[in-house]
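Participant: Handing you this structure, nothing more for now.
The values are calculated or read from the model by the stated rules, or taken from the named source; none is laboratory data. Keep in mind it's a predicted model, so treat the numbers as computed, not measured. Every residue, glycine as well, gets a Cβ built from its backbone with ideal geometry; the counts of neighbours run over all protein chains shown.
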């Protein structure tokens with residue numbers, strides 16, 4: 001079986017969610033069978049024609065939905081596409097950065113309807129594909145993402161804080177997110193402002209895509225190098241996730257693998273990952289609930305989270321992906 005993976009990420013890009021999935025999946029798959037990897041060289045739709053070749057493959061696997069529209073112009077023999085989420089449909093403003101991004105977002109639904117099979121990274125994503133695109137659920141297989149527990153594991157918290165230049169005697173809430181609309185940084189700021197009024201020694205660490213939050217007690221670290229992320233997670237006393245729409249939140253899983261307690265929004269399928277501390281953001285008192293749960297667990301070691309994280313591995317992701325490949329020959 002000849003397999004070609006079409007990746008959305010460039011080889012030179014900093015690490016982010018899709019790239020992590022693509023790197024880990026390729027590394028695991030190539031230990032089991034021959035696979036060729038193609039990464040794009042530009043962000044424009046021209047890359048659909050210049051970069052992505054089928055090379056007479058039995059299976060072509062596009063590892064992000066942004067590449068699904070290629071099926072409308074030259075569909076491979078067997079075309080499988082991984083879908084993270086349908087953000088541009090639910091939040092149209094996200095897909096309006098430039099003309100190329102708008103074209104890609106506009107064509108994704110019809111592209112997905114034409115592919116042979118879809119891999120959804122969560123049950124939530126599968127339900128959204130069925131709900132928004134009216135695609136038969138039998139065409140969709142759910143395969144969760146994984147976590148590298150050799151890298152993301154519990155470490156000495158005080159030492160990690162020192163390594164990150166943080167005060168070991170202070171407590172830190174960690175947020176890993178962009179400032180995009182669906183990440184709800186407005187909720188983060190509201191929750192943190194109220195917490196600071198109760199406890200002045202608590203700080204908020206914000207990283208992600210260079211976007212900053214402004215306010216007393218907020219530490220903006222921008223993009224943190226990949227080799228420091230495990231140290232950063234272990235520096236945190238609680239991980240806060242207010243995202244209201246996401247396919248599968250890798251930072252949440254990575255934080256859990258380090259034993260960091262997670263307080264998260266109940267929306268977007270977080271219940272598929274997080275065993276407890278989920279907040280219903282439709283509740284009129286949801287801000288108060290975030291505050292209460294953060295203060296009740298901050299600084300604790302979450303053994304349940306560590307045990308839950310053991311259920312997710314990149315080896316399992318790859319094995320289940322190989323089963324989809326064999327099922328579509």
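Participant: Take the stretch 196-219 and flag every residue that is touching a strand residue (DSSP E or B) at 6+ places or on another chain (Cβ under 7 Å), farther than 21 Å from residue 169 by Cβ and either at pLDDT below 90 or in a strand (DSSP E or B) (or both).
Facilitator: Taking the stretch 196-219 as the starting set, the residues that turn out to be touching a strand residue (DSSP E or B) at 6+ places or on another chain (Cβ under 7 Å) are 196, 201-208, 210, 212-213, 217-219.
Add one more test, that the residue is farther than 21 Å from residue 169 by Cβ, and what stays is 207-208, 210, 212-213.
Residues satisfying the conditions are 207, 208, 210, 212.
Participant: Moving to a separate point now. Here's a check for you: in the stretch 90-105, which residue that is part of a loop (DSSP other than H, G, I, E, B) and loosely packed, with under 14 Cβ neighbours inside 10 Å is modelled with the highest pLDDT? Give the steps one after another, and end with the answer.
Facilitator: First, pick out the residues of the stretch 90-105 that are part of a loop (DSSP other than H, G, I, E, B): 91, 96-98.
After this cut, where a residue has to be loosely packed, with under 14 Cβ neighbours inside 10 Å as well, the list is 96-98.
Working: 96: 62, 97: 66, 98: 71.
Restricting to residues being part of a loop (DSSP other than H, G, I, E, B) and loosely packed, with under 14 Cβ neighbours inside 10 Å, the top hit is 98.
Participant: Within the stretch 295-318, can you find the residues that are free of Cβ contacts under 8 Å to residues at least 24 places away in the same chain and within 21 Å of the chain's Cα centre (by Cα)?
Facilitator: 307, 311
Participant: Which one of 29, 59 is in contact (Cβ under 8 Å) with a residue 60 or more places away in the chain and either under 28 Å from residue 132 (Cα atoms) or under 19 Å from the mean Cα position of the chain (by Cα) (or both)? Lay out the reasoning, then the answer.
Facilitator: Working: 29 fails: either under 28 Å from residue 132 (Cα atoms) or under 19 Å from the mean Cα position of the chain (by Cα) (or both).
Criteria check complete, one pass: 59.
Participant: Taking into account only those residues within the stretch 109-134 that are surrounded by 15 or more Cβ atoms within 10 Å (Cβ to Cβ), without any contact (Cβ under 8 Å) to a residue 60 or more places away in the chain and out of contact with any strand residue (DSSP E or B) (no Cβ under 9 Å at 6 or more places or on another chain), which is farthest from residue 253 (Cα to Cα)?
Facilitator: Of everything passing the filter in the stretch 109-134, 113 is farthest from residue 253 (Cα to Cα).
Participant: Please give the number of the condition residue 165 fails out of (1) part of a loop (DSSP other than H, G, I, E, B); (2) in contact (Cβ under 8 Å) with a residue 12 or more places away in the chain; (3) outside the structural domain of residue 323 (by TED's automatic domain parsing).
Facilitator: Condition (2) is where residue 165 drops out.
Participant: With the structure loaded, tell me whether residue 254 is over 26 Å from residue 156 (Cα atoms), at pLDDT 95 or above and either more than 18 Å from the chain's Cα centre (by Cα) or assigned to a helix (DSSP H, G or I) (or both) or whether it fails that test. Steps first, answer last, please.
Facilitator: Working: over 26 Å from residue 156 (Cα atoms): no; at pLDDT 95 or above: yes; either more than 18 Å from the chain's Cα centre (by Cα) or assigned to a helix (DSSP H, G or I) (or both): yes.
Considered against the rule, which asks whether it is over 26 Å from residue 156 (Cα atoms), at pLDDT 95 or above and either more than 18 Å from the chain's Cα centre (by Cα) or assigned to a helix (DSSP H, G or I) (or both), residue 254 comes out as no.
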